[in-house]
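Since the structure comes first, as structure tokens, the remarks are kept for the end.
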Amino acid sequence: MASIHVDLDNLEWRPGSAKYGATALYEGREIIENAILSDRREEGGGLALLSKVSPPPGKLVKIVAIARSDEHVFNLTGGRSTKSGQPVRAATDYTLNPEGQVHSVLIGAETLSLVIYRGESDENLSFDVIHATPNTKTLEN
């Protein structure tokens, strides 16, 4: 097999609404987009893509899924958030969701991730835009 080369400046970004439905639109704007880098599933290989999530101000994107094959996620910018929208990890973190693992993510800031599936992509259980919950913790003396 020949090497696969992709010009990142000319990627075809696909709207998330094609996969997630109308919940991937907020006020008519796509809040998740994907660009396929390679897809070798027909040959028994995997799928590599870039995923861009752009939550609306004051909102979080909540995704719940089941890994249908090992899923490797490298956050290039942004990343996971708390329920209040605060970042919980560095921009360059890595997550492995093994096949069969139910997993979820809250994203509160624009996030770009490299996602590599060993085989099939996740089965998505839900995709929601929710309000960030203000952090109400108080310090006790």
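The values are calculated or read from the model by the stated rules, or taken from the named source; none is laboratory data. Here the structure is a predicted model, which means the values were calculated and not measured. All Cβ positions, glycine included, derive from the backbone under ideal geometry; neighbour counts span all protein chains shown. All accessible areas refer to the heavy atoms of the entire protein, side chains included, with ligands and DNA or RNA removed. Shrake-Rupley method; radii C 1.70, N 1.55, O 1.52, S 1.80 Å.
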>> Please pick out the residue among ALA22, ALA48, ALA65, ALA109 that is part of a loop (DSSP other than H, G, I, E, B) and among the aliphatic types (A, V, I, L, M).
In response: ALA109
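Quick check on segment 18-37: of everything there that is among the small types (Gly, Ala, Ser) and open to solvent by 30 Å² or more (accessible area, probe 1.4 Å), which residue is nearest to the chain's Cα centre (by Cα)?
Taking segment 18-37 and keeping what is among the small types (Gly, Ala, Ser), we get 18, 21-22, 24, 28, 35.
This time we only want the ones that are open to solvent by 30 Å² or more (accessible area, probe 1.4 Å), so: 18, 22, 28.
Details: ALA18: 15, ALA22: 17, GLY28: 20 Å.
Among those that are among the small types (Gly, Ala, Ser) and open to solvent by 30 Å² or more (accessible area, probe 1.4 Å), it is ALA18.
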>> Among the residues of segment 58-72, are any touching a Lys or Arg at 6+ places or on another chain (Cβ under 8 Å) and among the small types (Gly, Ala, Ser)?
In response: yes
>> Can you tell me which residue is most open to solvent (accessible area, probe 1.4 Å) among those in segment 120-141 that are part of a loop (DSSP other than H, G, I, E, B), over 17 Å from HIS103 (Cα atoms) and modelled with pLDDT of 85 or more?
In response: THR133
> Yes or no: LEU60 within 23 Å of LEU25 (Cβ to Cβ), more than 13 Å from the chain's Cα centre (by Cα), touching a residue at least 60 places away in the same chain (Cβ under 8 Å) and not in a loop (DSSP other than H, G, I, E, B)?
Replying inline: no
> Just one of the numbered conditions (1) closer than 18 Å to GLU123 by Cα; (2) crowded, with 17+ Cβ neighbours inside 10 Å is not true of ASN75; which one?
Replying inline: (1)
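Here are some residues: GLU71, GLU27. Which one is of a type in the set (D, E, K, R) and more than 21 Å from SER104 (Cβ to Cβ)? I'd like the intermediate steps shown before the answer.
Values: GLU71 fails: more than 21 Å from SER104 (Cβ to Cβ).
The conditions single out GLU27.
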